1. How many of the residues making up region 458-494 are within 30 Å of Lys304 (Cβ to Cβ), away from ligand 1 (no atom under 16 Å from the Cβ) and not aromatic (Phe, Trp, Tyr)?
2. Scan region 250-274 for residues that are touching a residue at least 60 places away in the same chain (Cβ under 8 Å), within 16 Å of Gly375 (Cβ to Cβ) and either away from ligand 2 (no atom under 16 Å from the Cβ) or out of contact with any strand residue (DSSP E or B) (no Cβ under 8 Å at 6 or more places or on another chain) (or both) and jot them down.
3. Of the residues that sit in region 275-312 and are away from ligand 2 (no atom under 15 Å from the Cβ) and assigned to a loop (DSSP other than H, G, I, E, B), which one is least open to solvent (accessible area, probe 1.4 Å)?
4. If you go through region 35-46 one residue at a time, do you hit one that is open to solvent by less than 30 Å² (accessible area, probe 1.4 Å) and in contact (Cβ under 8 Å) with a residue 40 or more places away in the chain?
5. Out of curiosity, is Leu373 closer than 20 Å to Pro414 by Cα, open to solvent by 10 Å² or more (accessible area, probe 1.4 Å) and within 15 Å of ligand 1 (Cβ to nearest atom)?
6. Does Glu10 satisfy the criteria of being of a type in the set (D, E, K, R), assigned to a helix (DSSP H, G or I) and touching an Asp or Glu at 6+ places or on another chain (Cβ under 8 Å)?
7. Please count how many residues of region 207-229 are in contact (Cβ under 8 Å) with a residue 60 or more places away in the chain, crowded, with 19+ Cβ neighbours inside 10 Å and not polar (S, T, N, Q).
8. For Trp193, work out the one condition from (1) open to solvent by less than 20 Å² (accessible area, probe 1.4 Å); (2) in the same structural domain as Ile229 (by TED's automatic domain parsing) it doesn't fulfil.
Amino acid sequence: MISLVTKKPEKYTGDLVAFFVQQQEKGSPSCTNMIVQKSIDRAYAAGDFSGKEGQTLLFYPESDSEIITKRVLVVGMGKEELTRESFRKAGGTVSSNSIKTKAKNILVVVPEKLNFDTSVMSECLAEGLLLGAYQFHKYKKKEEDNDEPGSLEKISLHAAKSSAARKGMKRGITAALAGCAVRDMANEPGNKWTPSDFAGFGRRLAKKYGMSCKVLGKAEMKKNGMGGILGVNSGSALPPTMVILKHQVSKKVPTLLLVGKGITFDSGGISIKPSTGMDEMKYDMCGGAAVLGAMQAVGEEKPKSLNVIAIIPATENLPGPAALKPGDIISIYGGKTVEVLNTDAEGRLILADALAYGIKKFKPDAVIDVATLTGAVVIGLGHHRTGLLTTDDSLKDKLIDAGERCGEPLWQLPLGPEYSKEIKSKVADIKNLGNRAGGTITAAAFLQEFVGDTPWAHLDIAGTAWGFTEKSYIPKGPSGTAARTLIDLIRNWK
Ligand code: BES
Ligand code: MN
Ligand code: ZN
(Lines give C-alpha, C1' and ligand atoms only; values in the text may rest on other atoms or scores of the structure.)
(Ligands and ions follow the chains in the order given, each with its own letter.)
Protein backbone atom coordinates (compact mmCIF):
# COMPACT_ATOMS: atom_id res chain seq x y z
CA MET A 1 0.00 0.00 0.00
CA ILE A 2 3.02 2.27 0.45
CA SER A 3 6.37 1.93 -1.27
CA LEU A 4 9.54 3.80 -2.08
CA VAL A 5 10.33 5.16 -5.54
CA THR A 6 13.25 7.12 -6.97
CA LYS A 7 11.78 8.06 -10.35
CA LYS A 8 11.45 11.82 -10.82
CA PRO A 9 8.18 13.30 -9.50
CA GLU A 10 7.76 15.09 -12.86
CA LYS A 11 7.45 11.70 -14.54
CA TYR A 12 4.84 10.32 -12.14
CA THR A 13 1.67 9.38 -14.01
CA GLY A 14 -0.61 8.80 -11.01
CA ASP A 15 -3.42 10.96 -9.67
CA LEU A 16 -1.57 13.37 -7.41
CA VAL A 17 1.91 14.49 -6.38
CA ALA A 18 2.39 16.09 -2.95
CA PHE A 19 5.13 18.51 -1.92
CA PHE A 20 5.87 20.07 1.48
CA VAL A 21 7.03 23.62 2.08
CA GLN A 22 7.87 25.74 5.09
CA GLN A 23 6.44 29.17 5.73
CA GLN A 24 8.99 31.96 5.46
CA GLU A 25 9.43 34.99 7.72
CA LYS A 26 8.81 37.02 4.59
CA GLY A 27 7.98 36.01 1.07
CA SER A 28 6.79 32.98 -0.78
CA PRO A 29 7.56 29.46 0.57
CA SER A 30 10.20 27.72 -1.50
CA CYS A 31 9.91 24.37 -3.19
CA THR A 32 12.61 22.28 -4.90
CA ASN A 33 10.43 21.86 -7.99
CA MET A 34 10.49 24.90 -10.29
CA ILE A 35 7.11 24.31 -11.91
CA VAL A 36 5.43 23.96 -8.56
CA GLN A 37 7.31 27.03 -7.34
CA LYS A 38 5.58 29.17 -10.00
CA SER A 39 2.15 28.18 -8.76
CA ILE A 40 3.18 28.73 -5.14
CA ASP A 41 4.43 32.21 -6.02
CA ARG A 42 1.14 33.08 -7.74
CA ALA A 43 -0.93 31.70 -4.85
CA TYR A 44 1.25 33.61 -2.39
CA ALA A 45 0.89 36.84 -4.35
CA ALA A 46 -2.88 36.35 -4.42
CA GLY A 47 -2.80 36.00 -0.62
CA ASP A 48 -4.10 32.42 -0.70
CA PHE A 49 -1.09 30.41 0.41
CA SER A 50 1.70 31.26 2.84
CA GLY A 51 2.79 27.77 3.90
CA LYS A 52 1.13 27.97 7.31
CA GLU A 53 0.84 24.62 9.05
CA GLY A 54 -1.96 22.55 7.54
CA GLN A 55 -2.57 25.02 4.70
CA THR A 56 -2.84 23.45 1.25
CA LEU A 57 -2.58 24.50 -2.35
CA LEU A 58 -4.08 22.24 -5.02
CA PHE A 59 -3.62 22.80 -8.73
CA TYR A 60 -4.09 20.96 -12.00
CA PRO A 61 -1.04 21.24 -14.28
CA GLU A 62 -1.65 22.16 -17.93
CA SER A 63 -1.46 19.27 -20.38
CA ASP A 64 1.80 20.63 -21.82
CA SER A 65 3.32 21.16 -18.38
CA GLU A 66 6.63 19.50 -17.52
CA ILE A 67 4.89 17.72 -14.68
CA ILE A 68 2.49 15.11 -16.00
CA THR A 69 0.43 14.09 -12.98
CA LYS A 70 -3.24 15.18 -12.81
CA ARG A 71 -2.99 17.08 -9.55
CA VAL A 72 -0.32 18.76 -7.47
CA LEU A 73 -0.86 19.32 -3.76
CA VAL A 74 1.43 21.59 -1.77
CA VAL A 75 1.19 21.30 2.01
CA GLY A 76 2.35 24.03 4.37
CA MET A 77 4.42 23.03 7.39
CA GLY A 78 4.47 26.38 9.17
CA LYS A 79 7.54 28.24 10.36
CA GLU A 80 7.96 26.72 13.82
CA GLU A 81 10.70 24.18 14.44
CA LEU A 82 9.86 20.90 12.70
CA THR A 83 9.15 17.82 14.82
CA ARG A 84 8.07 14.23 14.26
CA GLU A 85 4.51 15.43 14.79
CA SER A 86 4.87 18.06 12.00
CA PHE A 87 5.53 15.25 9.52
CA ARG A 88 2.78 13.00 10.82
CA LYS A 89 0.33 15.88 10.51
CA ALA A 90 1.61 16.76 7.04
CA GLY A 91 1.19 13.13 5.97
CA GLY A 92 -2.35 13.13 7.36
CA THR A 93 -3.12 16.34 5.47
CA VAL A 94 -1.99 14.75 2.21
CA SER A 95 -4.20 11.73 2.83
CA SER A 96 -7.33 13.63 3.76
CA ASN A 97 -6.95 16.01 0.79
CA SER A 98 -6.31 13.13 -1.60
CA ILE A 99 -9.45 11.40 -0.35
CA LYS A 100 -11.42 14.61 -0.88
CA THR A 101 -10.23 14.89 -4.47
CA LYS A 102 -10.74 11.16 -5.13
CA ALA A 103 -7.10 10.62 -6.05
CA LYS A 104 -6.27 6.94 -5.61
CA ASN A 105 -2.60 6.70 -6.57
CA ILE A 106 -0.38 9.37 -5.09
CA LEU A 107 3.29 10.26 -4.91
CA VAL A 108 4.61 12.01 -1.82
CA VAL A 109 7.89 13.84 -2.16
CA VAL A 110 10.02 13.59 0.99
CA PRO A 111 11.53 17.09 1.25
CA GLU A 112 15.28 17.31 0.70
CA LYS A 113 16.19 20.74 1.96
CA LEU A 114 14.49 20.84 5.35
CA ASN A 115 17.50 19.98 7.49
CA PHE A 116 15.70 17.04 9.09
CA ASP A 117 16.74 13.40 9.28
CA THR A 118 15.51 11.56 6.14
CA SER A 119 14.79 8.37 8.01
CA VAL A 120 12.66 10.12 10.65
CA MET A 121 10.89 12.21 8.00
CA SER A 122 10.03 9.09 6.03
CA GLU A 123 8.90 7.29 9.17
CA CYS A 124 6.58 10.04 10.32
CA LEU A 125 5.24 10.86 6.86
CA ALA A 126 4.42 7.19 6.26
CA GLU A 127 2.76 7.02 9.66
CA GLY A 128 0.66 10.12 9.07
CA LEU A 129 -0.23 9.07 5.52
CA LEU A 130 -1.50 5.63 6.55
CA LEU A 131 -3.21 6.76 9.74
CA GLY A 132 -4.78 9.65 7.83
CA ALA A 133 -5.99 7.38 5.02
CA TYR A 134 -7.89 5.16 7.45
CA GLN A 135 -11.60 4.66 6.80
CA PHE A 136 -14.13 2.16 8.13
CA HIS A 137 -16.93 1.41 5.67
CA LYS A 138 -17.41 -2.28 6.33
CA TYR A 139 -21.11 -2.08 7.06
CA LYS A 140 -22.15 0.67 4.64
CA LYS A 141 -22.84 0.00 1.01
CA LYS A 142 -21.12 2.36 -1.45
CA GLU A 143 -23.64 4.54 -3.21
CA GLU A 144 -22.92 5.43 -6.82
CA ASP A 145 -22.67 8.89 -8.38
CA ASN A 146 -22.69 11.01 -5.24
CA ASP A 147 -20.23 13.08 -3.27
CA GLU A 148 -18.92 10.30 -1.08
CA PRO A 149 -15.21 10.53 -0.34
CA GLY A 150 -12.73 8.46 -2.34
CA SER A 151 -10.09 6.24 -0.85
CA LEU A 152 -6.35 5.84 -1.28
CA GLU A 153 -5.08 2.72 -2.98
CA LYS A 154 -1.38 3.20 -3.56
CA ILE A 155 1.01 5.65 -1.92
CA SER A 156 4.53 6.10 -3.27
CA LEU A 157 7.20 7.91 -1.30
CA HIS A 158 9.89 9.68 -3.27
CA ALA A 159 13.16 10.11 -1.40
CA ALA A 160 16.72 10.88 -2.42
CA LYS A 161 18.53 8.99 0.36
CA SER A 162 16.71 5.77 -0.29
CA SER A 163 18.25 3.42 2.24
CA ALA A 164 17.61 5.76 5.18
CA ALA A 165 14.14 6.46 3.81
CA ARG A 166 13.37 2.77 3.49
CA LYS A 167 14.29 2.03 7.10
CA GLY A 168 12.22 4.91 8.40
CA MET A 169 9.27 4.12 6.17
CA LYS A 170 9.18 0.53 7.40
CA ARG A 171 8.99 1.66 11.02
CA GLY A 172 6.26 4.16 10.20
CA ILE A 173 4.23 1.55 8.34
CA THR A 174 4.50 -0.94 11.19
CA ALA A 175 3.34 1.59 13.78
CA ALA A 176 0.55 2.95 11.59
CA LEU A 177 -0.80 -0.48 10.71
CA ALA A 178 -0.86 -1.32 14.41
CA GLY A 179 -2.88 1.84 15.05
CA CYS A 180 -5.24 0.99 12.19
CA ALA A 181 -5.69 -2.55 13.53
CA VAL A 182 -6.74 -1.07 16.88
CA ARG A 183 -9.25 1.19 15.11
CA ASP A 184 -10.62 -1.76 13.15
CA MET A 185 -11.26 -3.75 16.31
CA ALA A 186 -12.79 -0.75 18.05
CA ASN A 187 -15.03 0.17 15.12
CA GLU A 188 -16.64 -3.26 15.19
CA PRO A 189 -19.83 -2.93 17.23
CA GLY A 190 -20.49 -4.97 20.37
CA ASN A 191 -22.32 -7.69 18.49
CA LYS A 192 -19.44 -8.15 16.03
CA TRP A 193 -16.40 -7.87 18.29
CA THR A 194 -16.85 -10.23 21.22
CA PRO A 195 -14.42 -11.87 23.66
CA SER A 196 -13.88 -14.75 21.24
CA ASP A 197 -12.79 -12.26 18.57
CA PHE A 198 -9.95 -11.14 20.83
CA ALA A 199 -8.95 -14.79 21.08
CA GLY A 200 -9.11 -15.17 17.30
CA PHE A 201 -6.97 -12.08 16.74
CA GLY A 202 -4.39 -13.28 19.27
CA ARG A 203 -4.19 -16.70 17.66
CA ARG A 204 -3.79 -15.17 14.18
CA LEU A 205 -0.92 -12.98 15.38
CA ALA A 206 0.74 -15.96 17.04
CA LYS A 207 0.49 -18.02 13.87
CA LYS A 208 1.71 -15.26 11.58
CA TYR A 209 4.67 -14.18 13.71
CA GLY A 210 5.63 -17.34 15.55
CA MET A 211 4.57 -16.13 18.98
CA SER A 212 2.85 -18.34 21.52
CA CYS A 213 -0.81 -17.80 22.30
CA LYS A 214 -2.91 -19.35 25.02
CA VAL A 215 -6.54 -18.52 25.67
CA LEU A 216 -7.99 -19.14 29.10
CA GLY A 217 -11.68 -20.05 28.97
CA LYS A 218 -14.27 -20.10 31.69
CA ALA A 219 -13.18 -23.49 33.05
CA GLU A 220 -9.54 -22.41 33.51
CA MET A 221 -10.67 -19.15 35.05
CA LYS A 222 -12.71 -21.11 37.59
CA LYS A 223 -9.77 -23.39 38.31
CA ASN A 224 -7.57 -20.33 38.82
CA GLY A 225 -10.03 -18.57 41.10
CA MET A 226 -10.46 -15.55 38.81
CA GLY A 227 -13.58 -14.22 40.49
CA GLY A 228 -13.21 -10.76 38.95
CA ILE A 229 -13.63 -11.61 35.29
CA LEU A 230 -16.06 -14.43 36.10
CA GLY A 231 -18.14 -12.08 38.23
CA VAL A 232 -18.34 -9.42 35.52
CA ASN A 233 -19.10 -12.09 32.94
CA SER A 234 -21.96 -13.64 34.89
CA GLY A 235 -24.57 -11.29 33.42
CA SER A 236 -23.54 -12.04 29.83
CA ALA A 237 -24.62 -14.84 27.52
CA LEU A 238 -21.15 -14.95 25.90
CA PRO A 239 -18.24 -16.73 27.59
CA PRO A 240 -15.23 -14.67 28.72
CA THR A 241 -11.73 -15.12 27.33
CA MET A 242 -8.29 -14.24 28.58
CA VAL A 243 -5.79 -14.06 25.75
CA ILE A 244 -2.13 -14.55 26.64
CA LEU A 245 0.29 -13.76 23.84
CA LYS A 246 4.04 -14.08 24.24
CA HIS A 247 7.05 -12.77 22.38
CA GLN A 248 9.83 -14.62 24.17
CA VAL A 249 13.49 -14.02 23.40
CA SER A 250 15.44 -15.39 26.34
CA LYS A 251 15.48 -15.57 30.13
CA LYS A 252 18.44 -13.19 30.10
CA VAL A 253 16.55 -10.11 28.90
CA PRO A 254 13.86 -8.26 30.88
CA THR A 255 10.19 -9.13 30.56
CA LEU A 256 7.54 -6.50 29.99
CA LEU A 257 3.93 -7.44 30.71
CA LEU A 258 1.16 -5.54 28.94
CA VAL A 259 -2.44 -5.86 30.12
CA GLY A 260 -5.41 -4.36 28.23
CA LYS A 261 -9.04 -3.98 29.29
CA GLY A 262 -11.24 -5.90 26.88
CA ILE A 263 -14.82 -5.08 27.86
CA THR A 264 -16.53 -5.60 24.49
CA PHE A 265 -19.61 -3.77 25.72
CA ASP A 266 -20.14 -1.99 29.03
CA SER A 267 -23.79 -1.49 29.91
CA GLY A 268 -22.80 -0.93 33.52
CA GLY A 269 -24.43 -4.23 34.54
CA ILE A 270 -27.05 -3.99 37.31
CA SER A 271 -25.69 -0.49 38.09
CA ILE A 272 -26.86 0.27 34.58
CA LYS A 273 -25.70 3.33 32.64
CA PRO A 274 -28.08 5.98 31.27
CA SER A 275 -29.22 5.14 27.73
CA THR A 276 -27.93 8.34 26.10
CA GLY A 277 -24.52 7.63 24.63
CA MET A 278 -24.41 4.07 25.90
CA ASP A 279 -23.55 2.91 22.37
CA GLU A 280 -20.09 4.40 22.89
CA MET A 281 -19.42 1.66 25.40
CA LYS A 282 -18.68 -0.62 22.45
CA TYR A 283 -15.31 1.14 22.65
CA ASP A 284 -14.66 -0.15 26.15
CA MET A 285 -12.28 -2.69 24.65
CA CYS A 286 -9.80 -0.11 23.32
CA GLY A 287 -7.17 -0.93 25.95
CA GLY A 288 -7.17 -4.60 24.93
CA ALA A 289 -7.10 -3.60 21.26
CA ALA A 290 -4.15 -1.23 21.87
CA VAL A 291 -2.17 -4.00 23.55
CA LEU A 292 -2.86 -6.42 20.68
CA GLY A 293 -2.02 -3.69 18.16
CA ALA A 294 1.33 -3.23 19.91
CA MET A 295 1.86 -7.00 19.79
CA GLN A 296 1.30 -6.94 16.04
CA ALA A 297 4.25 -4.54 15.76
CA VAL A 298 6.27 -6.69 18.18
CA GLY A 299 5.60 -9.62 15.86
CA GLU A 300 6.82 -7.59 12.88
CA GLU A 301 9.96 -6.30 14.55
CA LYS A 302 10.79 -9.12 16.98
CA PRO A 303 12.80 -7.01 19.46
CA LYS A 304 15.77 -8.96 20.84
CA SER A 305 16.31 -7.10 24.07
CA LEU A 306 12.89 -7.61 25.60
CA ASN A 307 10.40 -10.39 26.24
CA VAL A 308 6.90 -9.00 25.81
CA ILE A 309 3.84 -10.75 27.19
CA ALA A 310 0.31 -9.47 26.59
CA ILE A 311 -2.81 -10.39 28.53
CA ILE A 312 -6.28 -9.30 27.48
CA PRO A 313 -9.10 -10.17 29.86
CA ALA A 314 -12.29 -9.92 27.78
CA THR A 315 -15.99 -10.05 28.56
CA GLU A 316 -19.19 -8.09 28.17
CA ASN A 317 -20.66 -6.29 31.18
CA LEU A 318 -24.41 -6.93 30.98
CA PRO A 319 -27.24 -7.20 33.51
CA GLY A 320 -28.38 -10.78 32.72
CA PRO A 321 -30.23 -12.83 35.35
CA ALA A 322 -27.05 -14.17 36.96
CA ALA A 323 -25.29 -10.79 36.95
CA LEU A 324 -23.16 -9.44 39.79
CA LYS A 325 -25.24 -7.38 42.21
CA PRO A 326 -24.20 -4.37 44.26
CA GLY A 327 -23.08 -5.71 47.62
CA ASP A 328 -21.79 -9.01 46.24
CA ILE A 329 -18.39 -10.14 47.46
CA ILE A 330 -16.02 -11.81 44.99
CA SER A 331 -12.51 -13.14 45.22
CA ILE A 332 -9.75 -12.11 42.78
CA TYR A 333 -6.93 -14.40 41.58
CA GLY A 334 -4.62 -14.81 44.58
CA GLY A 335 -7.45 -14.62 47.10
CA LYS A 336 -8.02 -10.94 47.84
CA THR A 337 -11.76 -10.31 48.35
CA VAL A 338 -13.69 -7.41 46.85
CA GLU A 339 -17.02 -5.92 47.84
CA VAL A 340 -18.69 -4.88 44.59
CA LEU A 341 -20.54 -1.66 45.36
CA ASN A 342 -21.04 -0.62 41.76
CA THR A 343 -21.16 -3.15 38.94
CA ASP A 344 -20.20 -0.39 36.50
CA ALA A 345 -16.72 -0.28 38.04
CA GLU A 346 -16.05 -3.56 36.22
CA GLY A 347 -12.80 -2.77 34.39
CA ARG A 348 -10.76 -2.86 37.58
CA LEU A 349 -12.24 -6.26 38.45
CA ILE A 350 -11.14 -7.97 35.25
CA LEU A 351 -7.79 -6.14 35.23
CA ALA A 352 -7.14 -7.24 38.83
CA ASP A 353 -7.35 -10.90 37.82
CA ALA A 354 -5.13 -10.36 34.78
CA LEU A 355 -2.51 -8.31 36.68
CA ALA A 356 -2.34 -10.68 39.65
CA TYR A 357 -2.20 -13.72 37.37
CA GLY A 358 0.37 -12.27 34.97
CA ILE A 359 2.68 -11.11 37.74
CA LYS A 360 2.50 -14.41 39.63
CA LYS A 361 2.93 -16.50 36.53
CA PHE A 362 5.52 -14.56 34.49
CA LYS A 363 7.38 -12.49 37.13
CA PRO A 364 7.76 -9.53 34.76
CA ASP A 365 10.29 -6.74 35.35
CA ALA A 366 7.64 -4.15 34.54
CA VAL A 367 3.88 -4.09 33.95
CA ILE A 368 1.78 -1.59 32.02
CA ASP A 369 -1.97 -1.77 31.82
CA VAL A 370 -4.09 0.18 29.35
CA ALA A 371 -7.79 0.77 29.97
CA THR A 372 -10.78 2.98 29.27
CA LEU A 373 -11.20 2.91 33.01
CA THR A 374 -12.92 6.05 34.28
CA GLY A 375 -15.20 8.85 33.12
CA ALA A 376 -13.35 10.94 35.72
CA VAL A 377 -10.21 11.10 33.59
CA VAL A 378 -12.24 12.82 30.86
CA ILE A 379 -13.34 15.43 33.40
CA GLY A 380 -9.77 15.89 34.60
CA LEU A 381 -7.75 15.85 31.37
CA GLY A 382 -10.35 16.22 28.63
CA HIS A 383 -9.69 14.45 25.36
CA HIS A 384 -6.13 15.62 24.89
CA ARG A 385 -4.06 13.58 27.29
CA THR A 386 -4.03 10.02 28.61
CA GLY A 387 -3.91 9.68 32.39
CA LEU A 388 -0.72 8.07 33.71
CA LEU A 389 -0.58 6.60 37.20
CA THR A 390 2.53 4.83 38.35
CA THR A 391 4.71 4.01 41.31
CA ASP A 392 7.90 3.80 39.26
CA ASP A 393 9.88 6.85 38.12
CA SER A 394 11.82 5.06 35.44
CA LEU A 395 8.63 3.70 33.83
CA LYS A 396 7.12 7.14 34.12
CA ASP A 397 10.01 8.75 32.22
CA LYS A 398 9.95 6.07 29.54
CA LEU A 399 6.21 6.43 29.00
CA ILE A 400 6.15 10.22 29.03
CA ASP A 401 8.97 10.30 26.45
CA ALA A 402 7.32 7.66 24.27
CA GLY A 403 3.97 9.49 24.34
CA GLU A 404 5.68 12.76 23.48
CA ARG A 405 7.46 11.27 20.47
CA CYS A 406 4.23 9.67 19.20
CA GLY A 407 1.88 12.62 19.53
CA GLU A 408 0.03 10.75 22.27
CA PRO A 409 0.81 12.89 25.31
CA LEU A 410 0.33 11.60 28.85
CA TRP A 411 -0.20 13.42 32.11
CA GLN A 412 0.66 11.96 35.47
CA LEU A 413 -1.82 11.84 38.34
CA PRO A 414 -0.78 10.88 41.87
CA LEU A 415 -1.26 7.73 43.91
CA GLY A 416 -0.88 7.46 47.66
CA PRO A 417 -2.19 6.08 50.95
CA GLU A 418 -4.89 8.76 51.24
CA TYR A 419 -6.47 7.40 48.06
CA SER A 420 -5.89 3.74 48.91
CA LYS A 421 -7.72 4.27 52.20
CA GLU A 422 -10.87 5.20 50.27
CA ILE A 423 -11.23 1.69 48.91
CA LYS A 424 -11.03 -0.13 52.26
CA SER A 425 -14.18 -2.18 52.86
CA LYS A 426 -15.94 -3.07 56.10
CA VAL A 427 -16.92 -6.53 54.87
CA ALA A 428 -14.16 -7.52 52.41
CA ASP A 429 -10.47 -6.75 51.89
CA ILE A 430 -11.30 -3.86 49.56
CA LYS A 431 -14.27 -2.41 47.66
CA ASN A 432 -14.47 -1.48 43.99
CA LEU A 433 -15.64 2.07 44.58
CA GLY A 434 -13.99 5.16 46.09
CA ASN A 435 -15.41 8.67 46.43
CA ARG A 436 -16.68 10.36 43.29
CA ALA A 437 -13.94 12.96 43.64
CA GLY A 438 -10.64 11.66 42.33
CA GLY A 439 -12.27 8.69 40.63
CA THR A 440 -9.36 8.05 38.27
CA ILE A 441 -6.95 7.83 41.18
CA THR A 442 -9.02 5.49 43.34
CA ALA A 443 -9.54 3.24 40.32
CA ALA A 444 -5.76 3.06 39.90
CA ALA A 445 -5.31 2.60 43.66
CA PHE A 446 -7.56 -0.45 43.30
CA LEU A 447 -5.29 -1.89 40.59
CA GLN A 448 -2.26 -1.10 42.71
CA GLU A 449 -3.53 -3.66 45.24
CA PHE A 450 -2.74 -6.39 42.72
CA VAL A 451 0.73 -5.52 41.45
CA GLY A 452 2.80 -5.95 44.64
CA ASP A 453 6.32 -4.52 44.25
CA THR A 454 6.52 -4.98 40.48
CA PRO A 455 7.19 -1.67 38.71
CA TRP A 456 3.80 -0.82 37.26
CA ALA A 457 2.12 1.92 35.26
CA HIS A 458 -1.54 2.39 34.40
CA LEU A 459 -2.76 4.31 31.35
CA ASP A 460 -6.35 5.55 31.60
CA ILE A 461 -7.32 6.14 27.96
CA ALA A 462 -11.05 6.81 28.55
CA GLY A 463 -10.64 10.35 27.17
CA THR A 464 -8.28 9.58 24.29
CA ALA A 465 -9.39 6.21 22.89
CA TRP A 466 -12.03 8.00 20.83
CA GLY A 467 -12.83 11.67 20.31
CA PHE A 468 -9.08 12.33 20.71
CA THR A 469 -7.62 15.77 19.85
CA GLU A 470 -8.60 16.73 16.32
CA LYS A 471 -5.67 16.18 13.95
CA SER A 472 -5.25 15.39 10.27
CA TYR A 473 -4.29 11.79 11.00
CA ILE A 474 -6.81 11.13 13.80
CA PRO A 475 -10.34 10.25 12.64
CA LYS A 476 -13.50 11.16 14.55
CA GLY A 477 -14.16 7.67 15.96
CA PRO A 478 -11.60 5.45 17.68
CA SER A 479 -8.08 6.90 17.57
CA GLY A 480 -6.05 3.74 18.12
CA THR A 481 -4.26 5.50 20.95
CA ALA A 482 -1.62 3.85 23.16
CA ALA A 483 -0.56 1.22 20.60
CA ARG A 484 2.06 3.52 19.07
CA THR A 485 3.18 4.71 22.51
CA LEU A 486 3.78 1.10 23.57
CA ILE A 487 5.59 0.35 20.31
CA ASP A 488 7.85 3.37 20.76
CA LEU A 489 8.48 2.40 24.38
CA ILE A 490 9.50 -1.10 23.36
CA ARG A 491 11.72 0.17 20.53
CA ASN A 492 13.56 2.49 22.91
CA TRP A 493 13.62 0.24 25.99
CA LYS A 494 16.91 0.40 27.89
N1 BES B 1 -15.90 2.08 30.82
C2 BES B 1 -16.24 2.96 31.88
C3 BES B 1 -15.40 4.23 31.88
C4 BES B 1 -15.69 5.23 30.79
C5 BES B 1 -16.65 6.20 30.95
C6 BES B 1 -14.94 5.23 29.65
C7 BES B 1 -16.87 7.13 29.96
C8 BES B 1 -15.16 6.18 28.66
C9 BES B 1 -16.12 7.13 28.81
C10 BES B 1 -16.02 2.27 33.23
O11 BES B 1 -16.24 0.91 33.24
C12 BES B 1 -16.98 2.90 34.18
O13 BES B 1 -18.14 2.72 33.98
N14 BES B 1 -16.47 3.60 35.16
C15 BES B 1 -17.29 4.26 36.11
C16 BES B 1 -16.69 3.98 37.46
C17 BES B 1 -17.58 4.43 38.61
C18 BES B 1 -18.81 3.58 38.67
C19 BES B 1 -16.77 4.31 39.87
C20 BES B 1 -17.29 5.74 35.78
O21 BES B 1 -16.24 6.27 35.41
O22 BES B 1 -18.33 6.35 35.88
MN1 MN C 1 -18.26 0.45 33.59
ZN1 ZN D 1 -15.98 -0.08 31.49
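The values are calculated or read from the model by the stated rules, or taken from the named source; none is laboratory data. Just so it is clear, the structure is predicted and the values come from calculations on it, not from any experiment. Every residue, glycine among them, receives a Cβ derived from its backbone with ideal geometry; neighbour counts consider all protein chains shown. Ligands, DNA and RNA are excluded from the accessible area calculation, which covers all protein heavy atoms including side chains. Shrake-Rupley method; radii C 1.70, N 1.55, O 1.52, S 1.80 Å.
1. 11
2. Across region 250-274, the qualifying residues are Ser271, Ile272.
3. Step one: list which residues in region 275-312 are away from ligand 2 (no atom under 15 Å from the Cβ), which gives 276, 289-312.
Keeping just the survivors that are assigned to a loop (DSSP other than H, G, I, E, B) gives 276, 302-306.
Details: Thr276: 131, Lys302: 99, Pro303: 25, Lys304: 165, Ser305: 64, Leu306: 1 Å².
If we take residues in region 275-312 being away from ligand 2 (no atom under 15 Å from the Cβ) and assigned to a loop (DSSP other than H, G, I, E, B), then Leu306 is least open to solvent (accessible area, probe 1.4 Å).
4. Checked region 35-46: no residue is open to solvent by less than 30 Å² (accessible area, probe 1.4 Å) and in contact (Cβ under 8 Å) with a residue 40 or more places away in the chain.
5. Working: closer than 20 Å to Pro414 by Cα: yes; open to solvent by 10 Å² or more (accessible area, probe 1.4 Å): yes; within 15 Å of ligand 1 (Cβ to nearest atom): yes.
The answer is yes for Leu373.
6. On the way: of a type in the set (D, E, K, R): yes; assigned to a helix (DSSP H, G or I): yes; touching an Asp or Glu at 6+ places or on another chain (Cβ under 8 Å): yes.
The answer is yes for Glu10.
7. 6
8. Every condition holds for Trp193 apart from (1).
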